[in-house]
Amino acid sequence: MIQLEPHESGTGTFVRIAYEGGTTAMHLREDYEYLKERLPDSQITRIMRERAEKRGESFDRKSVFGDLDEAPF
């Protein structure tokens, strides 16, 4: 699961990525609306795959996102 929302500080974006076994949260300086409109699912998938590989884990897109018709945004 990926959660994107405006950061509580009023600047940037709060991103939380939940995966089996844990979560990663970060504050990005990029504007929330900018990311929401321009960050296609393929980039999200690539980022999540790279993070899983760094942890030595496999990445299964369907287990993270569900069916393609149920995209996270």
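Enumerate the residues in segment 19-40 having an amide nitrogen under 20 Å from the point lying 7 Å beyond the Cα of Glu50 toward its Cβ.
19-20, 23-32, 34-40
Rank Lys36, Lys54 by accessible area, highest first, at a 1.4 Å probe radius?
These residues rank, largest area first, as Lys54, Lys36.
For a label point 7 angstrom out from the Cα of Thr11 toward its Cβ, which stretches of segment 23-38 have the backbone nitrogen within less than 15 Å?
It comes to 27-32, nothing else.
The values are calculated or read from the model by the stated rules, or taken from the named source; none is laboratory data. Quick caveat: nothing in here was measured; it's all calculated off a predicted structure. All Cβ positions, glycine included, derive from the backbone under ideal geometry; neighbour counts span all protein chains shown. Surface accessibility is based on the protein's heavy atoms, side chains included, excluding ligands, DNA and RNA. Shrake-Rupley method; radii C 1.70, N 1.55, O 1.52, S 1.80 Å.
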